[in-house]
Amino acid sequence: MNILFLCTGNSCRSILSEALFNARAPQGFHACSAGSQPTGKVHPLTLKTLQLLNLPTENLFSKSLQDCEQFQPEIVISVCDAAAQEPCPLYLGNRLKVHWGLADPSHLDVPEAEKMQAFIQTVAHIQRRFDAFFALNFDNLSVHDLSIELEKISQIT
């Protein structure tokens, strides 16, 4: 099952989601990430956070939707923070879509140590959602039931 994580800049939240998902994914599951307005670079604290977690970073880069066209995801998860009124990218097509909003730690105007702590908290938030996602019994879920479960997971804080 292919999962596409979408955000505006594809430098922080969606990249974290891609890397964390792929680190935990069982065989047959894979994630990619993209942005509607990609920054063209991964935020340095995103890379530092993943390195602290001993996760590979060498293949991560800020991508556009066009860069992911051949990926053909079954599920598209947007991770923009609705509370921040960000323009979440739209992904057209017949895909299962869900919004898992996350606050953007890269936009905090605080000292780097505090910002780094916000990145760690974002990772913990993503991991809690992935705990619920990977606990699903995909063999016994219809597309409708999967959609309901994905919406439930979006409420995990």
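The values are calculated or read from the model by the stated rules, or taken from the named source; none is laboratory data. Bear in mind that the values here come from a model prediction, so they are computed numbers and not experimental data. Methodologically, a virtual Cβ is constructed for each residue, glycine included, from the backbone with ideal geometry; neighbour enumeration extends over all protein chains shown.
The condition of being surrounded by fewer than 19 Cβ atoms within 10 Å (Cβ to Cβ), closer than 18 Å to SER11 by Cα, at pLDDT below 90 and among the aliphatic types (A, V, I, L, M) holds for only one of ALA84, ALA103, that being ALA84. Would you say LEU96 is within 18 Å of PHE21 (Cα to Cα), surrounded by 12 or more Cβ atoms within 10 Å (Cβ to Cβ), in contact with a strand residue (DSSP E or B) (Cβ under 8 Å, 6 or more places away or on another chain) and at pLDDT below 95? Answer is yes for this residue. Here PRO38 fits the description: in a loop (DSSP other than H, G, I, E, B) and surrounded by 22 or more Cβ atoms within 10 Å (Cβ to Cβ).
Restricting LEU60, LEU4, LEU47, LEU52 to those that are within 19 Å of HIS107 (Cα to Cα) and of a type outside the set (Ser, Thr, Tyr) reduces the list to LEU47. Applying the criterion of being surrounded by fewer than 13 Cβ atoms within 10 Å (Cβ to Cβ) and of a type in the set (A, V, I, L, M) to the residues of the stretch 122-147, the residue that is modelled with the lowest pLDDT is VAL143. Say whether the condition of being farther than 21 Å from LYS115 by Cα, under 15 Å from the mean Cα position of the chain (by Cα), part of a strand (DSSP E or B) and free of Cβ contacts under 8 Å to residues at least 60 places away in the same chain is met by at least one residue in the stretch 48-70. Yes, the stretch 48-70 contains at least one residue that is farther than 21 Å from LYS115 by Cα, under 15 Å from the mean Cα position of the chain (by Cα), part of a strand (DSSP E or B) and free of Cβ contacts under 8 Å to residues at least 60 places away in the same chain.
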